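Participant: Quick one: structure below, then a few questions.
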Amino acid sequence: MNHSSVDFEKPIGYYAASVQELIVIDDVLSAMVGVEGRYILIKTVRGKTDDVTFHVDPSMDLALQELAKRIFPLCRSFLLINQFVESRSQFQNGLVNHAFSAALRALLLDYQAMVAQLEHQFRLGRLSLQGLWFYCQPMMGSMQALSIVIQKAASNNFSGSAVLNLLQSQAKAMAGDNAVRLLLEKMTQCASNAYMSILERWVYEGVIDDPYEEFFIAENKSFQKESLTQDYDAKYWGQRYSLKDGIPSFLANIAQTILTTGKYLNVMRECGHNVQVPQSENSKLMSSGSNHHYLECIKAAYNFASRELLNLIKEKYDLMGKLRSIKHYLLLDQGDFLVHFMDIARDELAKKPDEVSVEKLQSLLDLALRTTAAAADPLHEGVTCVVERSSLLKRSSTFKDLELSQRSSGDNDLEEPVSITSLETFSLSYKVQWPLSIVLSRKALTKYQLIFRFLFHCKHVERQLCGAWQVHQGVKALNTRGTALSRSSLLCRSMLKFINSLLHYLTFEVIEPNWHVMHDRLQSANSIDEVIQHHDFFLDKCLRECLLLLPELLKKVQKLESMCLQYAAATQWLISSSIILHNPDEATESSTKSKQRKSGQVLKSTTRSAAVTESILKFEKEFNAELQSLGSMLSSSSQAEPYLAHLAQLILGVKSEQNGF
C-alpha cells in the first residue's frame with residue numbers, strides 16, 4: 001500500500017479510537033499478505049531458520065493492540081510459508097519439495113483470496129477488527145501447523161522421504177483437530193505424488209528414475225553381473241540394488257518387497273526379456289490417509305515379477321536340468337565317466353599341482369565324457385576341470401562365511417603335505433551363464449567343488465584298495481591261514497570296508513536325502529530368492545554333514561585315507577616277500593606235493609623276513625588306533641551334530657567286524 005509521508009508524522013494515538021480501528025484493520029490486512037502498514041512494522045530475524053516479528057505503534061489503543069496481536073500468528077505463518085515456497089521451488093531441492101511447494105502455493109492462493117474478500121468487506125464498511133479476528137480463526141490452526149512443518153523442513157534441509165515422514169508424523173500429532181489433520185494428509189498426498197511416480201516406474205518397469213536421489217533404493221553400478229561367476233564374495237545380488245536410510249514410513253513395512261520387485265524386473269531386462277507389470281486404471285499408486293490400495297498394487301506387482309522370473313529361469317534356462325547335471329558330475333551321481341577318466345589320466349594326476357597340464361586333463365576329461373553314458377547328456381559340455389594349489393583342508397579353512405567347528409588351534413595343523421599330488425587338488429567346475437549364475441554363483445560352485453574333491457579322493461582310495469584286494473585274491477588258492485598274508489588280507493578288507501562305509505555315508509546318507517528335500521522345496525518355491533535360499537541351505541548342510549566344516553574330523557579321515565594309500569602301495573611288496581617260487585624238479589614225489597608242483601608255487605611256512613610281518617602288524621595297529629580314535633571323536637561330537645551318530649556306527653562297525661575275524 002502506498003502512503004504519503006504525512007501519514008507517518010502523527011502517532012496513531014493522536015486519532016480517536018474509531019479512526020484507530022480503521023487504520024489498524026487496514027494495516028492488519030496488509031500484514032496478512034506480508035506488506036508493512038503505517039503503524040504495524042514487519043521485521044525478519046535471520047538465523048538458522050528465519051523468523052518474523054511484528055511491531056506496533058505503542059500509542060495504539062490497548063484493546064486494538066490485543067486484537068491485532070491475536071492475528072499476527074496468522075500473518076507470520078503466511079510469511080514463513082511463502083518464503084519456504086519460494087526457496088523450495090528451486091530445481092535442486094527435489095521433486096517432493098517441488099510438489100509440496102506447489103500444494104502450499106495453491107493453499108496460499110486460497111488464503112490470499114480470503115484476504116481480498118475481507119478487504120472488500122472492509123472497503124464497504126462492513127468489517128470491524130473483531131469481525132476480522134472472527135473470520136481469521138478457521139485458518140489459524142491450519143496455517144500454524146503448516147508453518148511448524150516448513151520450519152522443521154527448512155532447518156534440517158529435508159528433502160524426499162524426510163519431508164513425507166515429517167508431514168505424516170505431524171498429521172498424526174494433530175489427530176484431535178480434524179480440519180488440520182485433513183489438510184496435512186492432503187499435503188502429504190500432494191507431496192507424495194512425485195515420489196509415488198518414481199515408485200511406480202520401479203515396481204512396474206524396474207527402472208530407477210530418480211534425478212535428485214530421493215528414492216529409498218540405490219543402484220550401485222560398480223557391481224556387475226559377471227562377478228557372480230568370477231568372485232566368491234560377489235555382492236551383485238545383495239548390493240547392486242539396496243535400501244537406503246530414510247524410507248517413507250507408509251512404505252517401511254513393504255520396502256523389502258518393493259526392492260525385490262524391481263530387482264526381479266531388472267534381471268528379466270538384463271536377459272533381453274522385456275516385461276512390464278500389467279497395469280490398469282486402478283494400478284495408479286496413490287498414498288492417501290487410510291486408503292492402502294497402493295499396498296495391494298505393490299504386492300500384485302511383486303507376485304507378477306516373481307512368477308515371471310521364476311518361470312523364465314525354470315523353463316527357458318532349465319534350472320533343474322542344470323542342477324541335475326551338476327549333481328551327475330560334481331556330486332558323482334553318475335560316476336562311470338569318472339572311472340574311465342581316472343584310468344586314462346592316472347599318470348597326469350600323479351604329478352604335482354604346478355607340473356600338471358590342465359589342458360591335457362581337460363582333453364582327457366572330454367574324451368571320458370564322450371565315450372561313456374555322459375555323452376547322451378547335452379549338458380555335459382559345461383563340465384571343466386581345474387587343479388587347485390592347496391589341500392582340501394586348507395581350502396575349506398579359507399572361506400570366512402563357512403562356519404567351521406572345532407577350528408584348529410594353530411595354522412601349523414593346516415600346513416600343506418610335502419608330497420601333495422594333483423589327485424588331492426583336482427576338481428571339476430561347471431560353466432554357468434546369466435541368469436542362472438544368480439543361483440549357481442561362484443560361491444555355490446566352490447561349495448560343490450569342496451564336496452567333489454572329498455568324494456573324488458575317496459573314490460581314488462577305494463580304487464587303490466580294490467587293486468590291493470585283487471592282488472590278495474590272486475593268491476587266494478594258496479594256503480595262507482596263519483601267515484602274514486592272511487593278516488594282510490584281513491587288513492585290506494577292513495580298509496575297504498572303512499572307505500566303502502564312508503562313501504556310502506557321503507552319498508546315500510548325506511547327499512541323496514538332502515538333494516531330494518531341496519528338489520521338493522524348489523518345486524514349490526514362489527520366488528528366485530526362495531530358490532537361492534533352499535539351494536544354499538542344501539549346500540551348507542551337505543558341507544557340514546560331509547565333515548568339510550569339521551576340520552578335526554576331516555583331518556582324522558584324511559589320515560586314515562593316507563594310511564590306506566600307503567598300504568595299497570606296499571601290497572605288492574608284502575605279498576611278493578611272502579611267496580617263494582620253487583623249482584618243480586626239487587619237489588618230492590608225494591601226491592600232495594605233486595599237486596603243488598602243478599601250480600609251480602609253494603608258500604613258505606614261515607616268512608622269508610620278519611620285516612614283512614612287522615610291517616603288516618604296524619599298518620594294522622596304526623589303522624585300528626586311528627579308526628578307534630575317529631569313532632570316539634564321532635561319538636562325542638554326535639550330541640552337537642546328531643548326524644554323526646550314524647557315521648560313528650558305520651565306522652565302529654568296521655572295527656567290530658575286524659575284531660570278529
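Participant: Compute the length gained on full extension between residue 516 and residue 421: take 0.36 nm times their separation in residues and subtract their Cα-Cα distance, giving the result in nm to one decimal.
Facilitator: 30.8 nm
Participant: Now a separate question. Using the basic label-point model (7 angstrom from Cα toward the beta carbon), what is the residue 625 to residue 155 distance in nanometres?
Facilitator: With each label placed 7 Å out from Cα toward Cβ, I get 7.9 nm.
Participant: Follow-up question, since we're still on this one. Using per-residue counts of other Cβ atoms within 10 Å, averaged over each peptide, order 456-468, 50-62 from highest down.
Facilitator: Ranked from most to least packed, the peptides come out as 456-468, 50-62.
Participant: I would also like to ask the following. Under a plain spin-label model, where a point goes 7 Å from the Cα along Cα-to-Cβ, how far apart in nm are residue 508 and residue 70?
Facilitator: Label at residue 508, label at residue 70, 9.5 nm between them.
Participant: Test of the criteria: in the range 81-136, which trypsin sites (Lys or Arg not before Pro) are in a DSSP loop and have at most 15 other Cβ atoms within 10 angstrom of their Cβ?
Facilitator: Here the sparse-neighbourhood loop sites are 126.
Participant: How much FRET efficiency would the formula 1/(1 + (r/R0)^6) give for residue 255 and residue 646, where r is the Cβ-Cβ distance and R0 is 60 Å, rounded to 0.05?
Facilitator: Between residue 255 and residue 646 the formula returns 0.85.
Participant: Beyond a 32 Å Cα-Cα separation, which of these cross-linked pairs lie in this structure: 431/459; 10/43; 235/327; 447/621; 235/314; 221/360?
Facilitator: The answer is 447/621; 221/360.
Participant: Given R₀ = 22 Å, what would the calculated FRET efficiency be for residue 120 paired with residue 179, taking r from the Cβ atoms and rounding to 0.05?
Facilitator: Given R0 = 22 Å and the Cβ-Cβ separation, E is 0.35.
Participant: Could you check the spin-label model distance between residue 89 and residue 320? Points 7 Å from the Cα along Cα→Cβ, value in nm.
Facilitator: Using points 7 Å along Cα→Cβ, the separation is 6.2 nm.
Participant: Now, a different point. Quickly rank 170-179, 503-512, 432-441 as a protection proxy: mean count of other C-beta atoms within 10 Å, highest first.
Facilitator: 432-441, 503-512, 170-179
Participant: Pulled fully out, how much extra length does the chain show between residue 105 and residue 148, if you take 0.36 nm times their separation in residues and subtract their Cα-Cα distance?
Facilitator: Contour length minus Cα-Cα distance gives 13.8 nm.
Participant: Additional query: Between residue 638 and residue 350, how high is the FRET efficiency from 1/(1 + (r/R0)^6) when r is the Cβ-Cβ distance and R₀ = 25 Å? Nearest 0.05.
Facilitator: Here the calculated transfer efficiency is 0.10.
Participant: A follow-up question, please. Under 8 Å for C-alpha pairs, at least 6 residues apart: give me the relative contact order for the range 97-193, rounded to a whole percent.
Facilitator: Taking the mean separation of contacting Cα pairs over the length of the range 97-193, I get 41 percent.
None of the figures in this text is laboratory data; all of them are computed from the coordinates on show. On a predicted model such as this, the values are computed, not experimentally measured, just so you know. No Cβ is skipped: glycine too gets one built from the backbone with ideal geometry, and neighbour counts run over all protein chains shown.
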